[in-house]
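Scroll down for the structure; my scribbles are underneath it.
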Amino acid sequence: MRRPDTNKFAAIFIVIFIIFRIGLNAQTISNETKKLIDEYNANVEKFKQENNISQQANYLNKIAYIYWENENYSNAIDYFKLSLELNKQSNNLNGIKSLYYNIGLICSDLEDFKKAYENFHEGLSYARKQNQKEGIYDGLINESGSLKKLNRSSEAIPNLDEALKIAQELNNLKLVRTCYGMLAENYEALGNSEKTIYYYDLFASVDKHLKAEQIKEVEAKSKEEVQKAHQSKNLTEQELSEKENQLEETQESLKKSEALSEQQQLELDLKEITIREKEAQLKNERLIRFGFTAIFIIILLFSLLLIRQIQAKNKANKALEIKNQQISEQSKEIAAQRDLANKQKQNITDSIEYAKRIQTALLPPASFLRRSLPEHFILFKPRDIVSGDFYWMMNKDSKVIIAAADCTGHGVPGAFMSMLGTAFLNEIVNKIVENKHVQSLQANEILNQLRTYIIESLHQTGRTDEAKDGIDIALCIIDYDTKQIQFSGAHNPLYHITNNELKIYKGDPMPASIHQNSEIPFTNHEIEAKEGDIIYLFSDGYNDQIGGPRNRKFMSRSFQELLLKIYQKPLDIQHQILDNTIEEWKGKNIQIDDILVIGLKIEFSNIVHRTTSQKYNWNNKTILIAEDTDINYIFLVEALKNTGVQILRAKDGEETVQIVESGKKIDLILMDINMPKLDGFEATRKIRLIHKDMPIIAQTALNIDEAKEKSEKAGCNDFILKPIRLKLFLSTLESYLTGNK
């Protein structure tokens, strides 16, 4: 007997399933999408006939993704499951892992966390079979998210510990941060306040708002304790007063009773005298004895009551003394916590101020802006000390590239993104000009590459649990030879005022980061501009500011009307009007976001652009930068970008020594003092055993005397204090690289 052909049955089942699903969902998707699904289904049938399992699975995945994007989750899951079966037939371990993860993510969207966990667990097992660290990390994180939702945080903790080790092995700070945040949430769910605080501190050590709220909470709790103590004291004194009043009332009642008894006895005695003198005397003696007894009892009761009141008062006084002592100790503890919080706050503020100096140094200098764009203004109002908004400009021959950017968040997180954005834009434009030609610069191509840089550097994959960091940006290129303007935008638009008319060029509705449309290139707009036209670039902070008589947003319509009123005024007056207007609108409200507005007048005839000459020419020189902190390394690379020097990097002292031992040509070493494995001083000592004459310049934030003494003892030729002063920094390097020291 022939056995049934299982492949044919499977193929028939797939066809029936596809037809059923198409009919079921015909009314829930657009005609265009339906045509695409029909096309993909036809491809599935085609490759089924060719017995091409890989392509069948590929097109089933595409259909599943379409349903997923259209929030048709049940169909998406079914198609992913069909693809899963085919991948199992071909033993595609990576595909099996990814499909289980996708099904798990959809189940999470549907809040079916039990099924989500089961699928993540299956996918993780296939990632482990491949020993794929990134895949294992994703599975552990996804599993932990589901366990947290299922109130199984105790099971999530080991997963997160393992994920943290993998993230540290990968040296990926973004993944490490995710682990710290999820560890804090799960320990919080378990009621472990100590570890919750520990991991939250690691996750957000510079969050001054959190510290301010913590201080307020401690002070409120202290006030509550003091108030409770005072209430307890008042209550004790009130009870004592009531007891004393009761005692006085008792004494008065006894006195009245005694007087009444004596009066009645006298009346009785007078009657008895007329009858029997002897009985009267006996009764009188009994009355006297009774009186003494009553008085004794009264005195005894009074004494007992008085003793009890004294004891109660002493007890209350002792309790009050203990309470006062507790209040005093709590006050001291509160004062100590306040002092510690103030110190931490000051340390954080100092660090942020230092970050501000670095961020300011990365912004285009005012003199450079004036040379390139004489008629311009920049209204830049950070919400906090540092800003998530930044402006950027570069001059390449006859072209000026200028941008207004808004990074995810504000304050410290936004500032870090702005520094990355500045560095990426510099590198992108320089590479385009170096590899092609300045005339090949396209505004949208710059944004396309910026998006790629951000996705790759932040390791963005589109997972639901990862941070959605990115940049909204408006970028334009002004060509003074062709008198043409290019514009491309990620969310942010460009306003062009010409002939008393405001024209709006909208940015694409997606950020420069991971997005469902990440594969679609940004749009390049070509703008016909004439002499005297005004261009405005801006972030959303101005329009989103809350204020006015109705306490609402300023809105883009009001912003456009304001620009049409003032655009003919001098640009410095426009700057002042925009600043005054938003301040008046804001009133007593807080500034809710960073504010950035750039205005510039087109003057083709009055601008002469030249290629900037380099003051320093170190094309044949190589500098080894020993620096473990990425931000400091980026800042040094920015400082050296126009010198032509070749740059090598070491992230710790051991790697620095190994590079020198390898025999690579190195003309100078910039040595960070505080590095892992070997600090800068110890690394310098080891290098001196190999090269006695190689110039080594220490980078340090220590005070001058201490830095000088330690650097000289270790064998450094010189030292530079952080933050560096650019002119002094470059002139110092020049003296060593040219042998003029």
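The values are calculated or read from the model by the stated rules, or taken from the named source; none is laboratory data. It should be emphasised that the depicted structure is a prediction, and the values quoted were computed from it without experimental measurement. Note that each Cβ is placed from the backbone with ideal geometry, even for glycine, and that neighbours are counted across all protein chains shown.
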Restricting attention to region 526-535, which residues are surrounded by fewer than 18 Cβ atoms within 10 Å (Cβ to Cβ) and assigned to a strand (DSSP E or B)?
-> GLU526, GLU528
Would you pick out the residues in region 434-484 that are surrounded by fewer than 18 Cβ atoms within 10 Å (Cβ to Cβ), small (Gly, Ala, Ser) and either in contact (Cβ under 8 Å) with a residue 12 or more places away in the chain or assigned to a loop (DSSP other than H, G, I, E, B) (or both)?
-> SER457, GLY462, ALA467
From THR684, THR700, grab the single residue that is surrounded by 12 or more Cβ atoms within 10 Å (Cβ to Cβ) and farther than 26 Å from ASN642 by Cβ.
-> THR684
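Per-residue answers, yes or no, for (1) in the same structural domain as PHE635 (by TED's automatic domain parsing); (2) of a type in the set (Ser, Thr, Tyr); (3) surrounded by fewer than 21 Cβ atoms within 10 Å (Cβ to Cβ):
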| position | (1), (2), (3) |
| --- | --- |
| ARG371 | no, no, yes |
| PRO374 | no, no, yes |
| PHE380 | no, no, yes |
| VAL386 | no, no, no |
| PHE390 | no, no, no |
| MET393 | no, no, yes |
| ALA405 | no, no, no |
| GLY411 | no, no, no |
| SER418 | no, yes, no |
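Just to be sure, is PRO374 under 30 Å from THR482 (Cβ atoms) and in contact with a Lys or Arg (Cβ under 9 Å, 6 or more places away or on another chain)?
Against the criterion (under 30 Å from THR482 (Cβ atoms) and in contact with a Lys or Arg (Cβ under 9 Å, 6 or more places away or on another chain)), PRO374 qualifies.
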Going by the structure shown, is SER457 small (Gly, Ala, Ser) and touching a strand residue (DSSP E or B) at 6+ places or on another chain (Cβ under 8 Å)?
-> no
Of the residues that make up region 351-367, is at least one at pLDDT below 85 and more than 22 Å from LEU636 (Cα to Cα)?
-> no
Leading residue by the ranking (farthest from ALA467 (Cα to Cα)) among those in region 358-410 that are in a loop (DSSP other than H, G, I, E, B) and hydroxyl-bearing (Ser, Thr, Tyr) | SER398
Does SER518 satisfy the criteria of being at pLDDT 95 or above and under 30 Å from GLU69 (Cβ atoms)?
-> no
Check on HIS515, more than 26 Å from ARG177 (Cα to Cα), in the same structural domain as LEU564 (by TED's automatic domain parsing) and either free of Cβ contacts under 8 Å to residues at least 24 places away in the same chain or buried (at least 19 other Cβ atoms within 10 Å of the Cβ) (or both) = no
Please work out if LEU363 is surrounded by fewer than 19 Cβ atoms within 10 Å (Cβ to Cβ) and touching a strand residue (DSSP E or B) at 6+ places or on another chain (Cβ under 7 Å).
-> yes
Considering TYR495, TYR505, which residue is buried (at least 21 other Cβ atoms within 10 Å of the Cβ) and more than 30 Å from GLU111 (Cα to Cα)?
-> TYR495
Determine which member of the set PHE368, PHE390, PHE377, PHE416 is over 30 Å from the mean Cα position of the chain (by Cα) and over 18 Å from ASN642 (Cβ atoms).
-> PHE377
Examine region 14-28 for a residue that is at pLDDT 90 or above, among the aromatic types (Phe, Trp, Tyr) and under 27 Å from GLN516 (Cβ atoms), and state whether such a residue exists.
-> no
Out of the residues in region 69-84 that are surrounded by 21 or more Cβ atoms within 10 Å (Cβ to Cβ) and among the aromatic types (Phe, Trp, Tyr), which is farthest from ASN102 (Cα to Cα)?
-> TYR79
Which of the residues that make up region 491-505 are part of a strand (DSSP E or B) and either touching a His at 6+ places or on another chain (Cβ under 9 Å) or not hydrophobic (A, V, I, L, M, F, W, C) (or both)?
-> LEU494, TYR495, HIS496, THR498, GLU501, LEU502, LYS503, ILE504, TYR505
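Filter region 196-218 down to residues that are within 30 Å of ASN131 (Cα to Cα) and either at pLDDT 85 or above or touching a Leu at 6+ places or on another chain (Cβ under 6 Å) (or both), then give me how many there are.
Our first condition is that a residue be within 30 Å of ASN131 (Cα to Cα); within region 196-218, this holds for 199, 202-203.
Next, from what is left, pick out any that are either at pLDDT 85 or above or touching a Leu at 6+ places or on another chain (Cβ under 6 Å) (or both): 199.
The total comes to 1.
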How about region 364-383: which of its residues are touching a helix residue (DSSP H, G or I) at 6+ places or on another chain (Cβ under 9 Å) and touching a residue at least 40 places away in the same chain (Cβ under 8 Å)?
-> GLU375, HIS376, PHE377, ILE378, LEU379, LYS381, PRO382, ARG383
Residue by residue through region 81-98, note down the ones that are in contact (Cβ under 8 Å) with a residue 24 or more places away in the chain, within 18 Å of TYR67 (Cβ to Cβ) and not polar (S, T, N, Q).
-> LEU82, GLU85, LEU86
Over region 432-490, the set of residues in contact with a Gly (Cβ under 6 Å, 6 or more places away or on another chain) and modelled with pLDDT under 90 is ASP465
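Taking ASP628, is it outside the structural domain of GLY421 (by TED's automatic domain parsing) and in contact (Cβ under 8 Å) with a residue 60 or more places away in the chain?
No, not satisfied.
Would you call TYR101 in the same structural domain as GLN168 (by TED's automatic domain parsing), free of Cβ contacts under 8 Å to residues at least 40 places away in the same chain and of a type in the set (Phe, Trp, Tyr)?
It is false that TYR101 is in the same structural domain as GLN168 (by TED's automatic domain parsing), free of Cβ contacts under 8 Å to residues at least 40 places away in the same chain and of a type in the set (Phe, Trp, Tyr).
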May I ask you to list the residues in region 556-598 that are farther than 28 Å from ARG370 by Cα, free of Cβ contacts under 8 Å to residues at least 60 places away in the same chain and either of a type in the set (Gly, Ala, Ser) or surrounded by 14 or more Cβ atoms within 10 Å (Cβ to Cβ) (or both)?
-> SER556, SER558, TRP585, LYS586, GLY587
